[in-house]
Amino acid sequence: MTLMLYYKKSTDDGFTWSNEISISLPTELVIGESRNISIACRGGYLYVAYAVAEDETYAVMFCRSTDNGTTWGGHKTIAHSLLTFPRPSITVAEDSVRVVYCEFHYDVFNYTDLVYAASGDNGNTWHSYDHINFPAPKNLQWPDITTVNNRPHI
């Protein structure tokens, strides 16, 4: 099932909600799977990681809002040509945005690679692709990430 991703916000503790704002690009094939979107915030900035289909593989995407969710941009591809659905998770601390996702490898061992990516400039550029738990148990599918004192915890 292909979907668009939308954002809504409440400014009164959830009694009323804003109109929907599309955050994914119209050309993206967002997949309707559980745990396909992760959102984090810092001040008026919101950060989103999600997965899309590209031909017969998947990609991990990123976008952000710098105005409390009114407008969205900064769309970047964090990873592409993934063979399985990655289920990304995102966190932010100071100007560091961090994402973790799973990549399953089909080879002799059939293992899951837990991948960590970081941006030190609010998601403008991505680097620090670290392979954690290499190889991990093949049933590892739901990574989560948070920061404590600007240090990642997965």
Problem set entry | Solvent-accessible heavy-atom area per residue, rounded to whole Å², over segment 1-114 at 1.4 Å | 51 Å²
Exercise. Mind checking Rg over Rh on segment 40-109, alpha carbons, Kirkwood formula for Rh?
Worked result: 1.06
Exercise. Among CYS102, LEU3, SER38, whose Cα sits farthest toward the positive end of the charge dipole of the chain (+1 at Cβ of Lys/Arg, -1 at Cβ of Asp/Glu, about the Cα centre)?
Worked result: SER38
Seminar exercise, completed: Sorted by chain and then number, the residues having a modelled amide H within less than 5 Å of the amide H of ASN122, at least 5 places away or on another chain, are VAL97
Problem set entry | Note, ³J(HN,Hα) from phi for segment 59-69, Karplus 6.51, -1.76, 1.60, rounded to Hz, x at Gly and Pro | 9, 9, 10, 9, 8, 8, 10, 9, 9, 6, x
Problem set entry | Equivalent ellipsoid dimensions for the chain as semi-axes, Å, which come from the Cα gyration tensor, largest first | 26, 19, 13
Exercise. So what is the relative contact order of the chain, in percent, for Cα pairs below 8 Å that sit 6 or more residues apart?
Worked result: 16 percent
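The values are calculated or read from the model by the stated rules, or taken from the named source; none is laboratory data. In this text the structure is predicted, and so the values were computed from the model without any measurement. Quick reminder, even Gly has a Cβ in these numbers, built from the backbone with ideal geometry, and neighbours come from all protein chains shown. To get the accessible areas, we keep the full protein, side chains included, count just its heavy atoms, and leave off ligands, DNA and RNA. Shrake-Rupley method; radii C 1.70, N 1.55, O 1.52, S 1.80 Å.
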